[in-house]
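Here the structure is laid out as structure tokens; the discussion comes afterwards.
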Amino acid sequence: MAQTAEKPNLTEARIAALSMPGKGWSVAAREDAVRRLRATGLPERRDEYWKYTRPDTLTQVAPEPAAVFENDEAPLFDGLDRLKIVFVDGVFDAEASDDLSLEGVRIERLAEADSDLHWARDLYGTLETNGQTPVARPLAALNTAFATDGMLIHVTGVTSKPINIVYRHESTTSDAILHHLIKLDAGAELTVLENGPAAARFNKVMEVDVGDGASFHQVRAQGRDHERRAATHIFARLGAESTFKSFTLTANGVMTRNDCVIELTGDDASAHVAGACVGDGAFHHDDTVFITHDAVNCESRQVFKKVLCNGATGVFQGKILVKAGAQKTDGYQISQSLLLDEDSQFLAKPELEIYADDVACSHGSTSGAIDEDALFYLRSRGVPLAEATDMLTLSFLAEAVEEIEAENLREEINTRMAAWLGRRRG
Amino acid sequence: MLSIKNLNVKLEEEDKQILKGVDLEVQAGKVHAIMGPNGSGKSTLSYVLSGKDGYQVTEGSATLEGNDLLDMEPEERAAAGLFLAFQYPVEIPGVGNMTFLRTAVNAQRKARGEEEVSAADFLKEVRAKAKDLKIDAEMLKRPVNVGFSGGEKKRNEILQMAMLEPKMCILDETDSGLDVDAMKLVAEGVNALRSEGRGFLVITHYQRLLDHIKPDVVHIMADGRIVKTGGPELALEVENNGYADIMAEVA
Ligand SMILES: Nc1ncnc2c1ncn2[C@@H]1O[C@H](COP(=O)(O)OP(=O)(O)O)[C@@H](O)[C@H]1O
Ligand SMILES: [Mg+2]
């Protein structure tokens, strides 16, 4: 698509304000990424897949300042046995982080890995590059080019505990760009947890290469920091008989765009992406998912639920592309919103594009108010209106939360959601 | 216990009068039955008493132990001791039956300024009461009424009633859709709750439930009014002759 007149200026201004970090192996990949970025230009409102979400605050040179959210809750996942890695405003905090050693994994920082023989050399930016077609994802190319740090995680075996990347936000003007790269060898297993407010503006890419028979689980929570602006991308490639499961909980945030791009390239693989979000007021949340089936007998599942009130906006753009030859594909997609009032809106664009004949794909999108009969039933048993509304809200979100495989994590997320809802009504 | 005076109710959205001056007095310890043809307003009466939206009271009053029911939120009516066993219990996916019951019991206790019941005590009590109603552990774990058969839903209503120990129980066609065995179970559940301090209003279309739950007073409702009141023999009269005779008689 031809670029508009302003687009190159917008893009060049942003590039000029950034400096390319890194020496050694990553330089070539970063320079390639700049070329990709220039070729498409930064997103504008008229671009496809940006119709419902204004990209300007994500693309402008300086971020909108964002107040640091005073949180009195204990951080999520605190009680778990995990390996903790902390970034403050996008800067690695060695003091606060655990020792980066865990059996079956090699963990390093992108900023420090400059050996030319590094494993990441052949992977960094490649899944992001694949993910640029058929739909451009310029903010991800920008990330690959200018990421200041991130974790390089090479999993060779079955890990005994999750890696928890914790983000902290301390500066009202921070503009963080992090790029994580995760490679799971055949049969390897890893769970990554992410939580915490990252920065005033956050651009994050996670590339995940899931080897044959490997399994990757992600549970992340985008916290209650109201003024957050974030654009995140997950790019995953799945080998034969591998499993990928990702769940995201989002609350608040004036601008959150989460892209998830998955390619099923090996037979019998399975990818599940789920999101539960609760938005109130000046909240804008966009889930854009693109799943490509390019192998036989693979399964994919998208479950997205949004609860919106006081003028909040939720967006879902989800696509399943089944390539010729990807027979026996089982694709499922559901996106639903629960609108607690008439001021809120849910904009959904579900898409199926199928070039194989022996497939079962279904998608559905609904938008509705709370079930008045259920509400009355609960109240008639003595449950007060606010509590009954919360119960029905949690039950609406349940199908997404159930996508979390580990029971302890599921419980933790459920407890936190219940607390958030309870807190909202004071 | 329950006192209804000249209750007139219309639909909120339409100009349609449904209850046209209902008078009814249920004393503590008594079981009253309301029978009547379909569409006579029996369910509407139960909904208006428990506070469902969509109805407008144009005249009259309803009090529970002297407290104005019509002025309370549905949850306040429940905490005040009113219970409605629904004609069509609602399915609530994603909310566990057990969680729901415990939330309800504790919410009512809280509203009355009582201590919450401990998880262990609650569990013990639910299990015992569920067993009497032949409700198994599996059913308690499932989402509220989801995938329950008609009979299971009705037994689940009675379990809720047993756990909440209300003062005034309204049962709306709890017998419909039940086979004989299930009806006996439900009736036993209700009879076990009969006591000095508790009133019952049993709405039914057929007489057969009243063989098991013996009423003290029987009312016939037609076209939004109580048209006849009598003893248990009135139910038998309906059973034998249908409503037509009574309607003709009061017309
Ligand atoms: N919410 C409603 N909307 C429209 N009509 C209603 C509504 N509730 C009750 N009605 C009407 O009121 C009348 C009485 O209904 P109902 O109380 O259900 O009777 P019963 O329980 O005795 O069979 C019927 O004509 C019914 O169609
Ligand atoms: Mg009825």
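Just so it is clear, none of the values below were taken in a lab; they were calculated from the coordinates. Worth saying up front: this structure is predicted, and the values here are computed from it rather than measured. Methodologically, a virtual Cβ is constructed for each residue, glycine included, from the backbone with ideal geometry; neighbour enumeration extends over all protein chains shown.
Based on the convex hull around the alpha carbon atoms, the protein assembly as shown presents an average projected area of 34.2 nm². In whole angstrom, note down how far apart the Cα centers of region A:345-408 and region A:111-139 are. Cα centroid to Cα centroid, the span is 36 Å. Here the dipole of chain A is about 960 debye; that uses its Cα centre as origin and unit charges on the Cβ of Lys and Arg (positive) and Asp and Glu (negative). Can you give the average number of partner chain beta-carbon atoms within 10 Å of each beta-carbon in peptide B:46-53, as a whole number? Taking all residues of B:46-53 together, the mean is 2. Taking the centroid of alpha carbons for each part, region B:52-75 and region A:24-63 are 61 Å apart. Taking amide hydrogens as placed 1.01 Å from N in the peptide plane, the amide H of A:Gln327 sits under 5 Å from those of A:Asn297, each at least 5 positions away in sequence or on another chain. Along the axis of the charge dipole computed for the protein assembly as shown (Cβ charges of +1 for Lys and Arg, -1 for Asp and Glu, origin at the Cα centre), the listed residues A:Thr172, B:Ile158, A:Gly125 are led at the positive end by A:Thr172. Charge tally for A:Gly368 (other residues, Cβ to Cβ under 13 Å; Lys, Arg +1; Asp, Glu -1): -3. Length gained on full extension, B:Asp211 to B:Asp179: 10.1 nm, using 0.36 nm per residue less the C-alpha separation. In sequence order, region B:96-105 has phi-based couplings of x, 4, 5, 4, 4, 4, 5, 4, 5, 4 Hz under the Karplus curve 6.51 cos²θ - 1.76 cosθ + 1.60, θ = phi - 60°, and Gly or Pro positions carry x.
Would you tally the net charge around B:Tyr206, using a Cβ to Cβ cut-off of less than 11 Å, leaving B:Tyr206 out, and scoring K and R as +1, D and E as -1? Net local charge, B:Tyr206 excluded: -3. If you plug the beta carbon distance of B:Asp132 and B:Ala111 into 1/(1 + (r/R0)^6) with R0 = 35 Å, you get a FRET efficiency near 0.85.
Comparing A:Asp99, A:Asp343, A:Asp72 in a Gaussian network model of chain A, where Cα atoms under 10 Å apart are tied by springs, the biggest mean-square fluctuation is seen for A:Asp72.
Taken along the Cα-to-beta-carbon direction at a fixed 7 Å, the label points for B:Lys16 and A:Glu170 span 6.6 nm.
Between the helical axis of B:233-250 and the dominant principal axis of chain B, each derived from Cα atoms, what acute angle in degrees is found, rounded to the nearest 10? Around 40 degrees separate the two axes. A Förster radius of 45 Å combined with the Cβ-Cβ distance from A:Arg46 to B:Ser118 puts the calculated FRET efficiency at roughly 0.15.
Working note: 222 nm ellipticity from helices only, DSSP H runs with n ≥ 4, each -39,500 (n - 2.57), summed and divided by the residues of chain A, gives -6500 deg cm²/dmol to the nearest 500. Given R0 = 25 Å, the distance between the Cβ atoms of A:Asp99 and A:Thr415 translates into a calculated FRET efficiency of 0.30. The angle between the Cα long axis of helix A:26-40 and the main principal axis of chain A comes to about 60°, on a 0 to 90 degree scale. When the charge dipole of the protein assembly as shown is built from unit charges on Cβ atoms (+1 for Lys and Arg, -1 for Asp and Glu) and taken about the Cα centre, the candidate among A:Val261, B:Asn67, A:Ile234 whose Cα reaches farthest toward its positive end is B:Asn67.
Helical content alone sets the calculated 222 nm signal of chain B at -12000 deg cm²/dmol, taking -39,500 (n - 2.57) per DSSP H segment of four or more residues and averaging over every residue. Listed values for region A:300-310 are Karplus-derived 3J(HN,Hα) couplings in whole Hz (6.51 cos²θ - 1.76 cosθ + 1.60, θ = phi - 60°), namely 9, 9, 10, 10, 10, 10, 10, 10, 10, 8, 6, and x replaces Gly and Pro. Partners of A:Lys349 within straight-line reach, counting lysines whose Cα lies under 17 Å from its Cα and excluding those fewer than 8 residues away in the same chain: A:Lys51, A:Lys305, A:Lys306, A:Lys319.
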